[in-house]
Amino acid sequence: MVSTVIAEEQEVGGCRLLLDQIRPAIHAHLDDPVIETFGLTIGFGNEPVLSGVDLPVARHQITAIVGPSGSGKTTFLRSLNRMNDKLRGFRRSGRVELEGQDIYGAGVDPLVVRKRVGMVFQRPNPFPMSIRDNVLAGVKVHKMVPRAALADVAETRLAEVGLWPAVAGRLSDSPYRLSGGQQQLLCLARALAVAPDVLLLDEPTSSLDPVSTEAVEALLLRLAAKVSMVIVTHNLAQARRIADQVAFFCEGRLIEAGPTEAVFESPKRRETGKYLQGQFG
Amino acid sequence: MAQEAPGAGGKRPLEGRGRSLRVLRALLGAAAGVPALALAAMVAVLLVEAMPAIRYNGLGLFTSGLWSIGSLYSQPVRTGGVLHLVGAHYGALWLIVGTVESSALALLIGFPVAYGAAVIIAERLPRPLAASLGLCLEVLAGIPSVVIGLWGVLVLGPFLAHDIYPELAKLPDVPVLDFFRGGVGSGEGLLTAGLVLALMIIPIIAATSRDLLRQVPRAPKEGAAALGMTRRETFKAVQSRWIRSGVAGAAVLGLGRALGETIAVALVSGSQIQNPSNIYDTMTTIAATVVQQLDSALTDPSHLAVRSLAEVALVLLLITLAVNSLARLLVRRSARDVALPVGAGL
Ligand SMILES: Nc1ncnc2c1ncn2[C@@H]1O[C@H](COP(=O)(O)OP(=O)(O)O)[C@@H](O)[C@H]1O
Ligand SMILES: [Mg+2]
């Protein structure tokens, strides 16, 4: 028995589903999830990428998605605000409910979904316009405040992400001269400016230095009171530091989800333990 | 030969390739100097060639519209040290006006069409269709201007004069539209020249804009989509700004081509040295005049006619340079506004 396990590990490395992968995922029940997926199955062309993911996303908490590369974390995240819709060969079955409404249902406008479920990407992606206009881009397009209030909104949002002191004197400057960390904060301010209910973050600190990473983490912790967040991260220490809930993906399946403490300290599935340990060394 | 082990270097010379790099740099520097030298040489030669004309014509070149070689039947006479035919008078006002008007028209008509085509090709059309339309642009860009000119004078001009211009001339009788009213002529004139020039600059501007659009990175576009922006809003926020300075450069390239285009304009402009009375009226440009007047200018025993042509050629060169510098200034300013991270791997 022991020897079989070792053989499997050698064969497959960090995380590979053990033979008993048919077992259902383990996840904590949540009373009032802001988003919940039911049997979410996604493929590109004939290639299956996600199979039968049932995951509730806790309201006003941070949910971290962890798992090896290629396990479908990004695909899952992007399916929560319909960012996958236009990708070549995208196929989906199963449901994604936002406040109980199926976002893939008939008559749902993906643009409305994306306004309510914002997204921050792996690399900062400011628009080619001034710092001020970057923050206000979404606000202007959705005509959320009268013209006269725009300046206030810009200041509030930049202050919210802690960028105001650094950029107050150069709001008309290009965002591309900011540091990577500042650019990412700007993108966060831009996403927050349209007042989303949920914020999706795909490895938002993976291109940042430790100090900027810390700034972003502190910000996310502060924001959790207002916004529900789902963050994909390769950094297990980060998941541990900021997440309330952790979901572990492997090979397109949700293996285990639950409160951070529980998943890290006493994982219920062997794959989870192996992955978490492997990364910690 | 055995491979050297790392760390086996010891006390070897560290100078290496310094000298060959210096030679390379010198060669590259010389190569980079060639265009500047060529430009300087061209200006110098034109200046020397045109000098007697510059002295004879004075400011009259810019203030007078009368272009006359003088009487070929009398002996050349000398005024202020410059030999000229009796009655020689060279006023280039209408040449300059015609050059500017026809090129401005070409840009006014051609730019929106080219930019629109580029946007549709790069953003809307499915790949295969976009590719074949792109091929059309390249073919259009490759048509010799004499062919376009011939087509313009034989086909387009008569068609416009017969079917389009009469309708256009019926525009309401408002002072600002006066330029569009009145006789429409035979189809050789300012508007036809502008249209033919537009056709010639559309491929350059469209192909450049399309290539620029294709190079806009995906990341900011996705950022816009993630804010709930429509495709149109995304385009306004990201693509249009990303390519702005490049497109301005392409427009200037097109304008430069229009300003200097010779044979097509010579064929469709009607070749009258005059201020066109309306937009359909005959006119001419500097470049067209140079090529059309050269033969008769060479018969001028005082040589002043040829020298005056050199002088207007110099004016054309200066106009083109001025347009280019102005555009460069504008482009630099708009680029500074957003300071695009060129090749920053976004
Ligand atoms: N647009 C796409 N087209 C085809 N396959 C894709 C696409 N996006 C992702 N995939 C595939 O889906 C799998 C999961 O990718 P992804 O969600 O990016 O994983 P992760 O973010 O966990 O690293 C990978 O095998 C990847 O090759
Ligand atoms: Mg990913």
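The values are calculated or read from the model by the stated rules, or taken from the named source; none is laboratory data. Bear in mind the structure is a predicted one, so any value in this text is a computation, not a measurement. All Cβ positions, glycine included, derive from the backbone under ideal geometry; neighbour counts span all protein chains shown. SASA here: full protein model, heavy atoms, side chains in, ligands and nucleic acids out. Shrake-Rupley method; radii C 1.70, N 1.55, O 1.52, S 1.80 Å.
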**OP:** Please find the FRET efficiency linking B:Asp173 to B:Arg214, where r is the Cβ-Cβ separation and R0 is fixed at 35 Å, and quote it to the nearest 0.05.
**Re:** 0.15
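Per residue of A:130-143, count partner chain C-beta atoms within 10 Å of its C-beta, then hand back the mean as an integer.
Details: counts 2, 0, 0, 3, 3, 0, 0, 9, 8, 1, 2, 10, 4, 0.
Counting Cβ atoms of other protein chains within 10 Å of each residue's Cβ and averaging gives 3.
When only the heavy atoms of the protein chains count and the probe is 1.4 Å, how do A:Lys226, B:Lys236 rank by accessible area, highest first?
Numbers: A:Lys226 120, B:Lys236 150 Å².
Largest accessible area first, the list is B:Lys236, A:Lys226.
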Original post:
Can you give the charge dipole size of chain B about its Cα centre, rounded to the nearest 20 debye, using +1 on the beta carbon of Lys and Arg and -1 on the beta carbon of Asp and Glu?
Top reply: 1920 debye
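Mind ordering B:318-325, B:225-232 by average Cβ neighbours within 10 Å, highest first? Please report the intermediate quantities before stating the final value.
On the way: B:318-325: 14.1, B:225-232: 20.0.
Answer by packing, highest mean first, reads B:225-232, B:318-325.
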Original post:
Tell me, how many Å apart are the Cα centres for segment B:89-152 and for segment A:232-281?
Top reply: 60 Å
**OP:** Quick one: work out the % antiparallel among DSSP beta bridges in chain A, nearest 5.
**Re:** 55 percent
**OP:** Quote the FRET efficiency, to the nearest 0.05, computed for B:Arg55 versus B:Leu108 with a Förster distance R0 of 35 Å and r equal to the Cβ-Cβ distance.
**Re:** 0.40
Subject >> Antiparallel content of DSSP bridges confined to the protein assembly as shown, in %, to 5 >> reply: 60 percent
Original post:
Which value, in Å² rounded to 10, gives the accessible area of B:Phe62 with a 1.4 Å probe and all protein chains present?
Top reply: 100 Å²
Original post:
Quick one: helix A:2-12 against the long Cα principal axis of chain A, what's the angle to the nearest 10°, folded into 0 to 90?
Top reply: 40 degrees
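Quick check on chain B: helices-only [θ] at 222 nm, where DSSP H runs of length 4 and up contribute -39,500 (n - 2.57) each and the sum goes over total residues. Nearest 500, please.
On the way: 13 runs with 206 residues, N = 346.
Roughly -19500 deg cm²/dmol at 222 nm, from the helical runs in chain B.
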Subject >> Cα-projected label distance for A:Ser172 with B:Arg25, points at 7 Å along beta-carbon direction, nm >> reply: 3.9 nm
**OP:** Could you compute the FRET efficiency for A:Val108 and A:Leu87, with r as their C-beta to C-beta distance and R0 at 22 Å, rounded to 0.05?
**Re:** 0.75
**OP:** Mind telling me which of A:Phe264, A:Phe248, A:Phe44 comes out most flexible in a GNM of chain A, alpha-carbon contacts under 10 Å?
**Re:** A:Phe44
Subject >> Inter-part distance where segment B:23-71 and segment B:211-245 are each reduced to a Cα centre, Å >> reply: 44 Å
Subject >> Surface accessible to a 1.4 Å probe, B:Ile204 within the full protein complex, Å² >> reply: 40 Å²
Original post:
On a 0 to 90 degree scale, rounded to 10, what angle separates helix A:131-141 from the longest Cα axis of chain A?
Top reply: 80 degrees
Subject >> Karplus 3J(HN,Hα) series, Hz, for segment A:201-206 with 6.51 cos²θ - 1.76 cosθ + 1.60 (x for Gly, Pro) >> reply: 10, 9, 6, x, 10, 5
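Sorting A:Lys268, B:Lys11, A:Lys115, A:Lys140 by accessible area (1.4 Å probe), largest first, what list results?
Numbers: A:Lys268 135, B:Lys11 210, A:Lys115 60, A:Lys140 95 Å².
Of A:Lys268, B:Lys11, A:Lys115, A:Lys140, the descending order of accessible area is B:Lys11, A:Lys268, A:Lys140, A:Lys115.
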**OP:** May I ask which residue of A:Ser69, A:Gly118, A:Ser174 lies farthest towards the positive end of the charge dipole of chain A, with charges of +1 (Lys, Arg) and -1 (Asp, Glu) on Cβ and the Cα centre as origin?
**Re:** A:Ser174
Original post:
So for the pair B:Arg332, B:Leu72, with labels modelled 7 Å out along Cα→Cβ, what separation do we get in nm?
Top reply: 4.9 nm
Subject >> Assigned charges on the beta-carbon of Lys, Arg, Asp, Glu; segment A:9-276 dipole about Cα centre (debye) >> reply: 760 debye
**OP:** Any chance you could check the Cα centroid distance between segment B:163-191 and segment B:284-312 for me, in angstrom?
**Re:** 32 Å
Original post:
Simple spin-label model, 7 Å along Cα-to-Cβ: A:Leu221 to B:Ser277 in nm?
Top reply: 8.4 nm
Subject >> Gaussian network model of chain B, Cα within-10 Å springs - most flexible of B:Pro220, B:Pro112, B:Pro128 >> reply: B:Pro128
Original post:
Which links in A:Lys86/A:Lys274; A:Lys143/B:Lys170; A:Lys73/A:Lys115; A:Lys143/A:Lys226; A:Lys226/B:Lys221; A:Lys73/A:Lys143 stretch past 31 Å when you go from one Cα to the other?
Top reply: A:Lys86/A:Lys274; A:Lys143/B:Lys170; A:Lys73/A:Lys143
Subject >> Sparse-neighbourhood loop sites, GluC sites (Glu not before Pro) in segment A:94-180 - DSSP loop, at most 16 other Cβ within 10 angstrom >> reply: A:Glu99
Original post:
Can you give the accessible area of B:Ser103, probe radius 1.4 Å, in Å² rounded to 10?
Top reply: 0 Å²
Original post:
Hey, got the dipole for the protein assembly as shown? About the Cα centre, +1 on K and R Cβ, -1 on D and E Cβ, debye to the nearest 20?
Top reply: 980 debye
**OP:** For B:Val291 and B:Leu253, compute 0.36 nm times the residue count separating them, minus their Cα-Cα distance, and round to one decimal in nm.
**Re:** 11.5 nm
Original post:
Against the longest alpha carbon principal axis of chain A, how many degrees, from 0 to 90 and to the nearest 10, is the axis of helix A:270-280 turned?
Top reply: 60 degrees
Subject >> Which of B:Ala40, B:Gly187, B:Val216, positive extreme of dipole for chain B (C-beta unit charges) >> reply: B:Val216
Subject >> List B:Val113, A:Val145, B:Val238, ordered by accessible area with a 1.4 Å probe, largest first >> reply: B:Val113, A:Val145, B:Val238
